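**Q** Dropping a structure here in C-alpha cells format, bear with me for questions.
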Amino acid sequence: MRLKVAIIGSGPAGYYTAEGLVKQFGDQVEIDIIDRLPTPFGLIRAGVAPDHQSIKGVTRRYEETQAAGDIRFFGNLQIGDAISIAELRELYHAVVLATGAPHDRPLGVPGDGLPGVIGAAAFVGWYNGHPDFVDLAPPLDTSAVAVIGNGNVAIDVARVLVKSPDEMAGSDLARHAAELIHASAIRDVYVFGRRSLLDVSFTPKEVGELAELTELTDAVPLVDPGQLPPDGAEAALDPGQRKVIGHLRSFALRRADEKPRRIHFVFCARPLRVLGEDRATGLELERTCVRDGQAVGTGETFTIDCGLVIPCIGYRTRSIAGVPFDNARGRFVNDEGLIEPGLYCVGWSRRGPSGTIGTNRPDGFAIAEKIAAAGLTGERAGRAGLGRLIEERDLWVVGFDDWKTIDAAEVARARIGAPREKFVRIEEMLAAAGRSG
Ligand SMILES: Cc1cc2nc3c(=O)[nH]c(=O)nc-3n(C[C@H](O)[C@H](O)[C@H](O)COP(=O)(O)OP(=O)(O)OC[C@H]3O[C@@H](n4cnc5c(N)ncnc54)[C@H](O)[C@@H]3O)c2cc1C
C-alpha cells in the first residue's frame, strides 16, 4: 500500500512536512500539496520583507523537496471552500493542515475598527503583493504612523516605510506599494512596546540594520535617553539580546534632525484607544511599568497624531469547517499536531505565530513521524480522486510547472536591479501560466 497524504498549505511547514514524509517513506508515499494561491511558499513570498531577499532563498530547498519525491502541487485551490476537509479525509490516509495564521489579532481598544487601522497581516501582505490585499490603499498621506509591537514584524514595517527608492531597488516590493510608499508624506514612524527596552523581541540582525541607518539616506532611529535602563541592566540577558539592547542604546545618541524621517522607539506605552471620527487621526496611550514581567498601567496618558496605525501584535489561524478550533488561542485544537486520527496540523496553524522559518522544520518532521507511527492502512483514491473532484467542479488548478512559468514571467518583467515584479492578482497569475482560457 502506498500512503496518500494531502498537505494543505505550501508554506515552510507544508514543505518541511513533505520533506519529512519523503525521508520516512521514500517512494511509498504520494503527497499532494494544496494551496489557495497559484503561488507556493506562503509567508516566504507574502510575509518575509521584500528587502530580505537572501532569506527568501530558502525556497530553493522547497523546490528540491518538490523534486525529490512523488509530490504534486495543486495551487489556486482553497480547502474549506472549493473542496471540504471531509472530502479530503475520504480521499487520503492523512490530511495535514499547514495553513498558517493569516489573520491579524485585533488591537482590542476602542476605535480599532476605524479606517486607517490596518493590521500587519494586511499591511505586509499589501506591500508584498498578496492578492488578498492589493486594493488595501493604506492612507500614506499622513506624516506619522504608529506601529504597535516590539517584534521583528514591527521593525520590518517601520523599515519598509522609511527606506528610500534606491534602498529598495533590489527588493521585490510590489509596484503598487512602492508607488504609494515612495510618494508618502511620512516623516515619523513610532514603534510602541508595552514593556521596557529590556523586554523587546527584536533580533540583533533586524535592529542592526536600523543601527546602520547612518548610511541610509532618509531615516534616523531614536530612543529617548530617559527610557534607557541603568548601565549594565542587560548583563543577565543572553548575548543576542545584549546586542539588541546595545543597538537600542546607540539610538539614544542620535539626533532627530539628522535625517528627514525618524523611527521613534517608545517603550512602556500601551494603546488605550484610536482617535478619530471617520478615520484614524491619532492614538491615545498609557504609560506602563513592568512588574513581574507584565506591563502595568500607570494612569499617565499621552496622545500622538497619526493617520495610520499598524498593530503588529500577532496572528490567528483561519478556521475551517469541520475542524475543531480553539477560538481563544486562534488555532486548531490539537495535541502536538494531532487533531483527530488521520487529521493533523503543523507550523503556525499548530502552534500559533511564533518562531522562525527554521522552527517549522522539526515541527514538520515530527508530524511525518506521527503519521508513520499511526500505522494508517486501507486503500485511498488520493490524487486520482482529487483530480476527479477538480474536473467535476470545473476548478482551475495550477501545478508546480505552472508556478515555474509564473515565476519566470515575474523575473522577466522585473525592473532593473530587482529580483522580480510580482503578479498581484490571481487572474494575472493564471494568465501568466496560460491557464485563463
Ligand atoms: C511579516 C512576517 C515576516 C517574517 N519574516 C521572517 C524572517 O525574516 N525570517 C524568518 O525566519 N521567519 C520570518 N517570519 C516567520 C515565517 O514566515 C513563519 O515561521 C512561516 O512562514 C510559518 O509557516 P507556515 O507554513 O506555518 O505558514 P505560511 O507560511 O503562512 O503558509 C501557509 C500557507 O497555507 C495556505 N493556505 C491557508 N489556508 C488555506 C486553505 N484553506 N486552503 C489552501 N491553502 C491554504 C496559504 O496560502 C499559505 O501559502 C515572518 C513572518 C511574518 C508574518
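**Q** Filter the stretch 368-384 for residues that are touching a residue at least 60 places away in the same chain (Cβ under 8 Å), assigned to a helix (DSSP H, G or I) and more than 9 Å from Lys4 (Cβ to Cβ) and give the result.
**A** Ala368, Glu369, Ile371, Ala372
**Q** Still on this structure: Taking Val346 and the conditions (1) open to solvent by 20 Å² or more (accessible area, probe 1.4 Å); (2) under 19 Å from the mean Cα position of the chain (by Cα), which numbered condition does it fall short on, given that it satisfies the others?
**A** Val346 satisfies all of (1) open to solvent by 20 Å² or more (accessible area, probe 1.4 Å); (2) under 19 Å from the mean Cα position of the chain (by Cα) except (1).
**Q** Which residues, counting only those in the stretch 281-298, are more than 20 Å from Gly113 (Cα to Cα) and open to solvent by 40 Å² or more (accessible area, probe 1.4 Å)?
**A** Matches in the stretch 281-298: Arg287, Cys289, Val290, Arg291, Asp292, Gln294, Val296, Thr298.
**Q** Could you list, in sequence order, all residues of the stretch 385-399 that are open to solvent by 30 Å² or more (accessible area, probe 1.4 Å) and either in contact (Cβ under 8 Å) with a residue 60 or more places away in the chain or within 27 Å of the chain's Cα centre (by Cα) (or both)?
**A** Arg393, Leu395, Trp396
**Q** If you don't mind, there's one more thing I want to ask. How many of the residues making up the stretch 87-140 are free of Cβ contacts under 8 Å to residues at least 40 places away in the same chain and open to solvent by 50 Å² or more (accessible area, probe 1.4 Å)?
**A** Result for the stretch 87-140: 5.
**Q** Could I ask something else about it? Looking at Ala373, Ala368, Ala384, Ala432, which one is away from the ligand (no atom under 14 Å from the Cβ), within 23 Å of Gly47 (Cβ to Cβ) and at pLDDT 95 or above?
**A** Checking each option against the conditions leaves just Ala432.
**Q** Scan the stretch 56-86 for residues that are in a strand (DSSP E or B) and either more than 18 Å from Arg36 (Cα to Cα) or free of Cβ contacts under 8 Å to residues at least 12 places away in the same chain (or both) and report the count.
**A** 1
**Q** Continuing with this model, one more query. For the stretch 34-53, which residues satisfy the criterion of being in contact with a strand residue (DSSP E or B) (Cβ under 7 Å, 6 or more places away or on another chain) and more than 9 Å from the ligand (Cβ to nearest atom)?
**A** Pro38
**Q** Is there a residue being open to solvent by 20 Å² or more (accessible area, probe 1.4 Å), at pLDDT below 95 and more than 10 Å from the ligand (Cβ to nearest atom) anywhere in the stretch 349-365?
**A** No.
**Q** Next question. Before we move on, is Gly69 open to solvent by less than 30 Å² (accessible area, probe 1.4 Å), more than 16 Å from the ligand (Cβ to nearest atom) and under 30 Å from Val29 (Cβ atoms)?
**A** It is true that Gly69 is open to solvent by less than 30 Å² (accessible area, probe 1.4 Å), more than 16 Å from the ligand (Cβ to nearest atom) and under 30 Å from Val29 (Cβ atoms).
Residue by residue, here is whether (1) within 16 Å of Ile55 (Cβ to Cβ); (2) outside any loop (DSSP other than H, G, I, E, B); (3) touching a helix residue (DSSP H, G or I) at 6+ places or on another chain (Cβ under 8 Å) holds:
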position	(1), (2), (3)
Gly129	no, no, yes
Pro138	no, no, yes
Thr142	no, no, no
Val147	no, yes, yes
Ala154	no, yes, yes
Arg159	yes, yes, yes
Pro165	no, no, yes
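The values are calculated or read from the model by the stated rules, or taken from the named source; none is laboratory data. All values derive from a computational prediction rather than experimental measurement. For neighbour counting, all protein chains shown are included, and Cβ atoms are generated from backbone atoms with ideal geometry for every residue, glycine included. All accessible areas refer to the heavy atoms of the entire protein, side chains included, with ligands and DNA or RNA removed. Shrake-Rupley method; radii C 1.70, N 1.55, O 1.52, S 1.80 Å.
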